[in-house]
């Protein structure tokens, strides 16, 4: 069961984490995409560290498997808007926090 299902009826609408299709590889090679992906990964790790959550704990909060969370945190998965919202809700942060540049950069 997804973490969001406990509080909403959105469970049926939460898609699985999207994999990168080989026909779209060029989209994922742009500097802009890589920068956003790196920010997202760094922010996930930072939030987990602040709360002292393991990947398994964070994954459960986000209503996904640990493998899905690991793929997202490592940058190996294409994160959809639905997944971004799911992670933000699970971690209790605004979506902007997940993709914002570190302070002082």
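Some notes on this structure:
- Within the range 79-105, tally of residues that are over 9 Å from the mean Cα position of the chain (by Cα) and surrounded by 13 or more Cβ atoms within 10 Å (Cβ to Cβ): 9
- Filtered by the rule that a residue be in contact (Cβ under 8 Å) with a residue 40 or more places away in the chain and part of a loop (DSSP other than H, G, I, E, B), the range 71-97 gives 77, 79, 80, 93.
- Members of the range 54-64 that are under 12 Å from the mean Cα position of the chain (by Cα) and assigned to a loop (DSSP other than H, G, I, E, B): 63, 64
- Lone qualifier among 47, 36 - being more than 11 Å from residue 91 (Cα to Cα) and either under 11 Å from the mean Cα position of the chain (by Cα) or assigned to a helix (DSSP H, G or I) (or both): 36
- Close pairs (8 angstrom Cβ cut-off, 6 or more residues apart or separate chains): free of Cβ contacts under 8 Å to residues at least 12 places away in the same chain in the range 54-67, part of a helix (DSSP H, G or I) and surrounded by fewer than 14 Cβ atoms within 10 Å (Cβ to Cβ) anywhere: 66/56
Rule-based calculations on the coordinates, nothing more; no lab input. Keep in mind it's a predicted model, so treat the numbers as computed, not measured. Don't worry about glycine lacking a Cβ; one is built from the backbone with ideal geometry, like all the others, and counts go over all protein chains shown.
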